[in-house]
1. Do you know the Lys pair count in segment 2-149 for C-alpha distances under 21 Å, with sequence separation 8 or more or different chains?
2. What ranking of V90, V103 emerges when the number of other C-beta atoms within 10 Å of each C-beta is taken as an exposure proxy, fewest first?
3. List V100, V121, V133 from most exposed to least, where exposure is judged by having the fewest other Cβ atoms within 10 Å.
4. Sticking with the crude label model, points 7 Å out along Cα→Cβ, report the distance from S95 to N50 in nm, one decimal please.
5. Counting other C-beta atoms within 10 Å, and keeping those with at most 14, which DSSP coil trypsin sites (Lys or Arg not before Pro) do you find in segment 1-104?
6. Mind giving me the FRET efficiency for Q119 and E13? R0 is 30 Å, r the Cβ-Cβ distance, nearest 0.05 is fine.
7. I need the fraction of alpha carbon pairs in the chain separated by more than 23 Å, rounded to a whole percent.
8. Mind giving me the FRET efficiency for E21 and K58? R0 is 22 Å, r the Cβ-Cβ distance, nearest 0.05 is fine.
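All of the numbers you see were taken from the coordinates with simple rules; none came from a lab. Here the structure is a predicted model, which means the values were calculated and not measured. Neighbour counts run over all protein chains shown; Cβ positions are idealised from the backbone, glycine included.
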Amino acid sequence: MKFSLLYISGQKEPYMEMVEEIYLKKINGFLPFQIQAIKAQSSGRDQAQNKSKLENGKILDAIKSGDFVFAFDEKGKAAKDSIEFSHWMVKALESGHQRVVFVLGGPYGLNSLVRKRAQQVISLSPLTLNHHVARVVLLEQIYRGLTIWKNLPYHN
């Protein structure tokens, strides 16, 4: 079983590369984990619908038929806490799928096709998060969820 984070990549930020590297190493201590960036489409706000359609199409292309997909969307179900999120991850791990994929959309979110493909649609927060911040929150929660699963003292 593998974990994978799939996200729409905009402008690079040096701190994000450092954060990704830290969590990549931490999560790989539990199971194989990869981070896959999908290049954002360059276009203005007036092309938002077309941009979103292209980006969501690339997301769907990157998801395999044997994947268990968690899609993160503001309209998704919120976990009551990190323990519940950990339980969702463990259930996905035990589901028999080849890979568990965590999907973060671009600035215009995920469309209905991506949400329908997902086995679970989750909200990270009722707040609107910058895509870099959302990635940090998700990476930390994946790591925290794994430590909860293994009963390690990281989660208090």
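1. Qualifying lysine pairs in segment 2-149: 27.
2. By the 10 Å Cβ count, ascending: V90, V103.
3. Sorted ascending by nearby Cβ count, the order is V133, V121, V100.
4. So the two model labels end up 3.5 nm from each other.
5. K12, K64, K80
6. Using R0 = 30 Å, I get an efficiency of 0.50.
7. More than 23 Å apart: 34 percent of the Cα pairs in the chain.
8. Taking R0 as 22 Å, the efficiency between E21 and K58 is 0.40.
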